Amino acid sequence: MYVLMSILIGYVFGCIHGSQLVGKYKKIDIKKSGVKNAGASNTTILLGWKYGILVALIDIFKGTLAVLLMLYILNEQGISGDAQILLVYIAALAVIVGHNFPVTMKFSGGKGTASLVGILLAIDWKIALLGIGILLIFTFATDYLVIGVLMMYISFLVTTYYFYGIEPTMIVVFLSLLSVVKHLENYKRIISKEEKKLSSMFQKKTK
């Protein structure tokens, strides 16, 4: 029952898309424009950094709220320890799946980076601090967000194994592989030198 609850809560929150909400407000289908991704980076490319940040905040906090809600329910039911951690990671997985494959967008959503940041913040501040720090360091060092994202997932994988053991780590392995698949086009564009750099995104603003 609690596994199903974790999946349901995570998926429902995951389907709340910042880009979809902003897109409706600005009368633009963000998923079908720019680099055709329903996320903060594409929103920044199309509408400017202010709207990109708004989308990122929505997607971050939905991940945080989903995990905190699941933690609250489990604590109220007296479920703690390894069982609680595993259920929280299942909810986290469902958030990312909901973001990437939302029923509200015909199962074609974003890539889950901002939502993962929110999830990390709710799971453990130590994991979040290291993961977000690595994300920022590699993103600014390479000027490619996708490289920072890849390193953040590796950090999440290592820290999860260190703090919580093998079962939650297997969930992060799946999430990491899903992220790699979702970012394959980005890696190809980096190789062909067609990927937009972070610095160029913040220079573009569409009225």
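Only the coordinates and a few stated rules stand behind these numbers; no lab work does. As the structure is a prediction and not an experimental result, all values here were calculated from the model. Don't worry about glycine lacking a Cβ; one is built from the backbone with ideal geometry, like all the others, and counts go over all protein chains shown.
The figures follow:
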read-out	value
Pairwise FRET efficiency - residue 65 versus residue 166, Cβ, R0 = 30 Å, nearest 0.05	0.60
Footprinting exposure proxy for 188, 196, 27 (fewest neighbouring C-beta atoms within 10 Å first)	27, 188, 196
Entries in 24/62; 106/126; 32/126 that, when Cα-Cα distance is taken, lie over 30 Å	106/126; 32/126
P(r) weight above 31 Å for the stretch 2-201, C-alpha pairs, percent	15 percent
Descending semi-axes in whole angstrom, ellipsoid equivalent of the stretch 71-173, from the Cα gyration tensor	24, 19, 11
Farthest toward positive dipole pole in the stretch 1-94 [+1 Lys/Arg, -1 Asp/Glu at C-beta], among 69, 79, 43	43
Listed peptides 120-126, 147-153, 78-84, 166-172 by packing density, highest first (mean Cβ within 10 Å)	147-153, 120-126, 166-172, 78-84
Size of charge dipole - the chain - debye, nearest 20, with Cβ of Lys, Arg +1 and Asp, Glu -1, no other charges	1280 debye
Centre separation in Å (Cα based) which lies between the stretch 92-140 and the stretch 37-51	16 Å
